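Everything below concerns the one structure shown next.
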Amino acid sequence: MTELNDEYFMKKALEAARQAADADEVPVGAVLIAADGKEILAVASNAPIANHDPTAHAEINVLRKGGAKLGNYRLSDTTLYVTLEPCAMCAGAISQARVGRLVFAAVDPKGGAVLHGPRFFDLPTCHHRPLVEHGTMAAEASNLLTGFFRVRR
C-alpha cells in the first residue's frame, strides 16, 4: 500500500507542474487534499495562457475545483500542496477558502507572498491563517522552474 504523506502528494503536484510546462505554461502544480488527509479533491496546474485568464494560477484552479466538488467555497481542514510559494493573489484566495494547511515546495523570493514580499498570512487584515510548511521536494520544484525558464531566455 502506498503511504499517503507530504512527499506522495507533492509528487502529484509536480506531475501537474510538468503538464503545465508541456503546455508552455509556467510549471506550477497544486493538489488539494480532503480533511481526512487521504482523498485527493482536485489537481490543477497553471493555465493563464490557455484560459486567457491572469487569475488561472494552479492554486486558484485547484481551489475552484475543490470547492465545486465539495459544494462549498469553504475548504476548512483541507491541505493544499503547491510546487511554488503562492503569490499575494493566491495567498488571499487560500485565506478566503479557509484552507487548513499549506505545504509548498520551492520558495519564491521575487513573487512569493508567504515567506517573502507582503507575508500575507502575517498581515493583521488576514482573517484566516493556514498552518504553513515548506521545503518538501523543493529541489525538484526549483529545478523544474529553472529548466523551464532557461530554455526561454
Note to self: Below 22 Å, Cα to Cα, which lysines can Lys65 reach? Residues fewer than 8 away in the same chain don't count.
What the structure shows: Lys11, Lys12, Lys38
Margin query: So, for the chain, what is the accessible surface per residue at a probe of 1.4 Å, expressed in square angstrom?
Written below: 51
Item checked: Using θ = phi - 60° and Karplus 6.51 cos²θ - 1.76 cosθ + 1.60, couplings along region 92-97 (whole Hz; Gly, Pro as x) -> x, 5, 4, 5, 4, 6
Item checked: GNM result for the chain, Cα springs below 10 Å: residue of Thr78, Thr55, Thr136 fluctuating most strongly -> Thr55
Notebook entry, point to check: Pick from Arg119, Arg98, Arg129: which is most flexible by mean-square fluctuation in a GNM of the chain where alpha carbon atoms under 10 Å apart are linked?
Noted result: Arg119
Notebook entry, point to check: By how many nm would the segment from Arg18 to Lys65 grow when fully extended, if each residue of separation counts as 0.36 nm and the alpha-carbon distance is taken off?
Noted result: 15.0 nm
Note to self: If I compute solvent accessible area with a 1.4 Å probe over the protein chains, what percent of it on the chain is carbon and sulfur?
What the structure shows: 53
Check: Say R0 is 30 Å: what FRET efficiency, to the nearest 0.05, do Ser76 and Arg153 get from their beta-carbon distance?
Finding: 0.15
Item checked: Sparse-neighbourhood loop sites, trypsin sites (Lys or Arg not before Pro) in region 10-43 - DSSP loop, at most 11 other Cβ within 10 angstrom -> Lys38
Next item on the list: Rounded to the nearest 500, what is the 222 nm mean residue ellipticity of the chain from helices alone, with -39500 (n - 2.57) per DSSP H run of 4+ residues and division by all residues?
Entry: -12000 deg cm²/dmol
Checklist line | Amide H contacts of Asn46 (H built 1.01 Å from N, under 5 Å, at least 5 apart or other chain) | finding: Val28, Ala58
Notebook entry, point to check: What is the chain's relative contact order, in percent, from Cα pairs under 8 angstrom and six or more apart in sequence?
Noted result: 19
Note to self: Nothing charged except the Cβ atoms of Lys and Arg (+1) and of Asp and Glu (-1): what's the magnitude of the dipole of region 108-153 about its Cα centre? Round to the nearest 20 debye.
What the structure shows: 280
Checklist line | Per-residue HN-Hα couplings for region 99-111 [Karplus 6.51, -1.76, 1.60; θ = phi - 60°; Hz; x = Gly/Pro] | finding: 4, x, 8, 10, 10, 10, 8, 8, 7, 10, x, 7, x
Check: Can you list the aspartates and glutamates whose alpha carbon sits under 17 Å from that of Lys69, skipping same-chain ones fewer than 8 residues off?
Finding: Asp36, Glu39, Glu59, Asp77
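The values are calculated or read from the model by the stated rules, or taken from the named source; none is laboratory data. Note that the coordinates shown come from a computational prediction; the quantities given were computed from them, not determined experimentally. Please note: Cβ atoms are built from the backbone with ideal geometry, for glycine as well, and neighbour counts cover all protein chains shown. Please note that ligands, DNA and RNA were not included when accessible areas were found on the heavy atoms of the full protein model with its side chains. Shrake-Rupley method; radii C 1.70, N 1.55, O 1.52, S 1.80 Å.
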